[in-house]
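Enquirer: Mind looking over this structure? Questions follow.
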């Protein structure tokens, strides 16, 4: 019969990046596993259970310049909470970014659910579903105290980024290209 006892240690590790030469400081949690068989032979093993970069600080997520400033600000703030491992706060922040997107897109209802639904005639079902998904993560984080994993919060951040690419970046890029073509045509046309 094997009995396992777990013990852990956290230590700081400093590294130098081979590409840029900058220092990196990490916290590394090492777990110790000791196994004891029936014959009282103990064997101890150590492994890195987790690792977290504490310096340099991870930069906030960003959205394209064509996204309204209020949305970009809320999104960046939520990402700073996410990277500080304040995942419920990040979920709430990403929900706030979704609400700002809805307002910018012309939604006027009071509740966020109704704002998103109000836009269903103008936006694709995929975008509407993604907005609702981000809303629910924020609501569950705020109202129910539900804790989502870092991967789940990362997915919500990516959903919002994809929404902003669809709603803001692509249309603005198409307009710039159309304007550039028109400018080129106008330059060829004699006055």
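Conditions (1) modelled with pLDDT under 70; (2) surrounded by 11 or more Cβ atoms within 10 Å (Cβ to Cβ), marked per residue:
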{"position": "12", "(1), (2)": "no, no"}
{"position": "15", "(1), (2)": "no, yes"}
{"position": "28", "(1), (2)": "no, yes"}
{"position": "31", "(1), (2)": "no, yes"}
{"position": "41", "(1), (2)": "yes, no"}
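Enquirer: Quick test for you: out of 60, 48, 90, pick the one residue that is in the same structural domain as residue 156 (by TED's automatic domain parsing) and either modelled with pLDDT under 95 or part of a helix (DSSP H, G or I) (or both).
Expert: 90
Enquirer: Given the conditions (1) touching a helix residue (DSSP H, G or I) at 6+ places or on another chain (Cβ under 9 Å); (2) assigned to a helix (DSSP H, G or I); (3) over 29 Å from residue 50 (Cβ atoms), report the number of the one that residue 108 does not fulfil.
Expert: Condition not satisfied by residue 108: (2).
Enquirer: Any residue in the stretch 166-187 that's surrounded by 10 or more Cβ atoms within 10 Å (Cβ to Cβ): show its pairings with residues that are assigned to a helix (DSSP H, G or I) and modelled with pLDDT of 95 or more at Cβ separation under 8 Å, as long as the two are six or more apart or on different chains.
Expert: What qualifies is 167/101.
Enquirer: Then there's this: Name the residues in the stretch 120-151 that are in contact (Cβ under 8 Å) with a residue 60 or more places away in the chain and in a helix (DSSP H, G or I), would you?
Expert: Result: 150, single match.
The values are calculated or read from the model by the stated rules, or taken from the named source; none is laboratory data. This one's a predicted model, so the numbers in the text were calculated from it and none came from an experiment. Cβ coordinates were reconstructed from backbone atoms using ideal geometry, including for glycine residues, and neighbour counts include every protein chain displayed.
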